[in-house]
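The values are calculated or read from the model by the stated rules, or taken from the named source; none is laboratory data. Note that this is a predicted model, so its numbers are computed, not measured. Quick reminder, even Gly has a Cβ in these numbers, built from the backbone with ideal geometry, and neighbours come from all protein chains shown. For the accessible areas, the whole protein counts, side chains as well, though only heavy atoms, and no ligand, DNA or RNA atoms are used. Shrake-Rupley method; radii C 1.70, N 1.55, O 1.52, S 1.80 Å.
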Amino acid sequence: AKENGRGKFCVFSPEMNQRVFEYLWLDTNLRKALDNQQLVIHYQPKVTWRGEVRSVEALVRWQSPERGLIAPTDFISYAEESGLIVPLGRWVMLDVIQQVAKWRKKGINLRVAVNISARQLSDQTIFSDLKQALTDLNFEYCPVDVELTESCLIENEDLALSVIQQFSRLGAQIHLDDFGTGYSSLSQLARFPIDAIKLDQSFVKEVYKHPVSQSLVRAIVAVAQALNLQVIAEGVENKKEDAFLIKNGVNERQGFLFAKPMPAASFERWYKRYQAR
Ligand code: C2E
Ligand code: CA
Ligand code: CA
Ligand code: CA
């Protein structure tokens, strides 16, 4: 079979060859990873303009025995193509809500934002799971918010709208991720009942040096304020960027300047230090 494989692959370029092998590796290993609890959630805080941490973003990673810690950029698109994103996304949702419940028991009250891919929009189970988990864990409110990308909304507008409505009914907030990178950002704000936009890190990067980025950030904040939406800036890496964002009305900031995404236990230690600062 190996000989065959080699013969078959030699018609591809080396990169394609590489991609095919990567796909096959993911195909054998990602499902196993899900079944064998190799996925872990890291949490990255968001800091309000007042300096409070009220919410974190959940970002999945894969602790592979073979390759070590794998970033979501290396397996989420495969999971989307293969459909594995559906069970993976359910796992994320349940793991995250259990973590929030554990924190709440310790007196740490946080909301958590979960990323949802287009492919997950047709998964009705995620609502019933979330609803059930809220009941089981005695939540009288929903501490989970959802982050949807612009492209996710465009792909199937009716479905996206119904998903947004269902999440909103449960008490989740809807955040529009990577805002400004899609091709119809503004029209989407009118079409979908959204609570916040996440200003993409491309606008944030060295914003203090770039007059065009500065104008765009100011304009986006003005639109958001006019529509009563919160603005969360992503990828804030230094104080100069942060100073500009705060000065121009961004509500929350997230980025390496404050903290990298961390496993729950490390985040908890960071949070306690931060509270005591
Ligand atoms: P995203 O939702 O746009 O997440 C932001 C990414 O920026 C994260 O990468 C985060 O670690 C990184 N980041 C945060 N602060 C900074 C900073 O100051 N500078 C820089 N350069 N980067 C920063 P990560 O964790 O590798 O996640 C990549 C993408 O994978 C996410 O992009 C999201 O689209 C997807 N993803 C992650 N977890 C999940 C999940 O549970 N479900 C789904 N469907 N997608 C997920
Ligand atoms: Ca996100
Ligand atoms: Ca983002
Ligand atoms: Ca992104």
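If you filter segment 138-154 down to residues that are surrounded by fewer than 17 Cβ atoms within 10 Å (Cβ to Cβ) and within 16 Å of ligand 4 (Cβ to nearest atom), you find that the one that is nearest to Val114 (Cα to Cα) is Ser151.
None of Asp145, Asp136 is more than 11 Å from ligand 1 (Cβ to nearest atom) and within 22 Å of Tyr43 (Cα to Cα) except Asp145. For segment 257-274, the set of residues classified as in contact (Cβ under 8 Å) with a residue 60 or more places away in the chain and not hydrophobic (A, V, I, L, M, F, W, C) consists of Lys260, Pro261, Pro263, Glu268, Tyr271, Tyr274, listed by residue number. Against the conditions (1) open to solvent by less than 70 Å² (accessible area, probe 1.4 Å); (2) within 23 Å of Arg61 (Cα to Cα), Ala243 satisfies every one except (2). Scanning segment 123-137 for residues that are exposed (fewer than 14 other Cβ atoms within 10 Å of the Cβ) and aliphatic (A, V, I, L, M) turns up nothing. Screening Gln63 on (1) over 27 Å from Asp27 (Cα atoms); (2) away from ligand 2 (no atom under 15 Å from the Cβ) shows it passes everything except condition (1).
Would it be correct to say that Glu252 is under 21 Å from the mean Cα position of the chain (by Cα) and crowded, with 22+ Cβ neighbours inside 10 Å?
Numbers: under 21 Å from the mean Cα position of the chain (by Cα): yes; crowded, with 22+ Cβ neighbours inside 10 Å: yes.
For Glu252, the condition - under 21 Å from the mean Cα position of the chain (by Cα) and crowded, with 22+ Cβ neighbours inside 10 Å - is met.
Here is the figure for segment 46-60: residues that are more than 13 Å from ligand 3 (Cβ to nearest atom) and either out of contact with any Lys or Arg (no Cβ under 9 Å at 6 or more places or on another chain) or part of a loop (DSSP other than H, G, I, E, B) (or both) total 5. Here is the figure for segment 36-50: residues that are without any contact (Cβ under 8 Å) to a residue 40 or more places away in the chain and open to solvent by less than 10 Å² (accessible area, probe 1.4 Å) total 0.
Every test in (1) away from ligand 4 (no atom under 16 Å from the Cβ); (2) at pLDDT 95 or above is passed by Ser187 save one, and that test is (2). Would you point out the residue of segment 71-90, among those that are in contact with an Asp or Glu (Cβ under 9 Å, 6 or more places away or on another chain) and charged (D, E, K, R), that is nearest to Leu130 (Cα to Cα)? Among residues in segment 71-90 that are in contact with an Asp or Glu (Cβ under 9 Å, 6 or more places away or on another chain) and charged (D, E, K, R), the one nearest to Leu130 (Cα to Cα) is Arg90.
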